Amino acid sequence: MLTLDDAAPGLTSGRWTIDPAHSEITFSVRHLMTTVRGTFPEFAGEARIADDPFDSSARAEITLASLDTRNADRDAHVRSADFLDVERHPVMSFTTTGVERATVGRRARTPRFHVDGELAVRGVTRPVRMLSEYHGVSEDPWGGLRAGFTATAEISRRDFGIEFNIPLQGDKVVLGDTIAIQLEIQLVKAA
């Protein structure tokens with residue numbers, strides 16, 4: 001059995017909460033010939049790290065109205081019923097269903113894991129697999145313990161009932177279907 005210290009050196013079991021001031025949830029999607037990027041600055045969550053790292057779990061909730069793509073008109077449209085429908089579905093959530101050692105990036109300097117979970121958007125829940133990279137643990141200037149992670153995933157917006165698009169000449173459309181998600185997460189060990 002792989003121990004927690006073998007899988008993620010320095011990480012200790014217990015409850016860890018996301019520090020939103022030092023974390024970031026971003027996304028990108030193809031729009032015409034470029035990529036549009038955005039962020040969700042309002043979110044919260046926690047991880048429960050187990051002695052057996054593969055029994056660990058996490059949960060996060062993202063406030064969809066906090067969406068920011070640096071364009072107020074676009075943000076208002078993405079918040080509308082055409083896309084996220086934040087009036088009826090104000091929160092997107094992710095809950096883990098499993099963790100396993102990643103089979104990619106074996107030569108990486110930091111441990112990598114697949115984090116499987118259920119992503120709920122607009123009342124639709126679908127399985128999502130994230131590739132997560134562990135960056136270690138450090139004590140902060142106030143005596144707290146912090147751990148860093150990066151996670152990435154790709155989802156199909158159509159899987160969540162987000163069908164809006166505008167056809168262009170030929171078989172082209174304004175928006176791509178694939179949404180790339182990137183998380184930069186700093187966890188703080190609960191007292």
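The values are calculated or read from the model by the stated rules, or taken from the named source; none is laboratory data. Because the structure is a prediction, the values reported are computed rather than measured. Positions of Cβ are backbone-derived with ideal geometry, glycine not excepted, and every protein chain shown enters the neighbour counts. Side chains included, ligands, DNA and RNA excluded: accessible areas come from the protein's heavy atoms. Shrake-Rupley method; radii C 1.70, N 1.55, O 1.52, S 1.80 Å.
If I go through region 58-72 residue by residue, how many of them are under 27 Å from Leu4 (Cβ atoms) and open to solvent by less than 60 Å² (accessible area, probe 1.4 Å)?
Within region 58-72, residues that are under 27 Å from Leu4 (Cβ atoms) and open to solvent by less than 60 Å² (accessible area, probe 1.4 Å) number 2.
Given Asp85, Asp159, Asp116, which one is at positive phi and at pLDDT 95 or above?
Criteria check complete, one pass: Asp85.
Got a sec? Which of Glu87, Glu100 is in a strand (DSSP E or B) and open to solvent by 30 Å² or more (accessible area, probe 1.4 Å)?
The conditions single out Glu100.
Condition check ((1) open to solvent by less than 70 Å² (accessible area, probe 1.4 Å); (2) touching a Gly at 6+ places or on another chain (Cβ under 6 Å); (3) farther than 20 Å from Val128 by Cβ) across all residues:
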{"residue": "Asp5", "(1), (2), (3)": "no, no, yes"}
{"residue": "Trp16", "(1), (2), (3)": "yes, no, yes"}
{"residue": "Ile25", "(1), (2), (3)": "yes, no, no"}
{"residue": "Ala50", "(1), (2), (3)": "yes, no, yes"}
{"residue": "Ser56", "(1), (2), (3)": "yes, no, no"}
{"residue": "Arg74", "(1), (2), (3)": "no, no, yes"}
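If you check every pair at least six apart or on different chains, which have Cβ atoms under 7 Å apart with a residue in region 155-167 that is of a type outside the set (Val, Ile, Thr) first and a residue that is open to solvent by 80 Å² or more (accessible area, probe 1.4 Å) and outside any loop (DSSP other than H, G, I, E, B) second?
Listed by first residue and then by second, the contacts come to Asp159/Arg126; Phe160/Arg126.
Test Asp82 against the criterion of being out of contact with any Pro (no Cβ under 6 Å at 6 or more places or on another chain) and farther than 20 Å from Ser66 by Cα, and give yes or no.
Against the criterion (out of contact with any Pro (no Cβ under 6 Å at 6 or more places or on another chain) and farther than 20 Å from Ser66 by Cα), Asp82 does not qualify.
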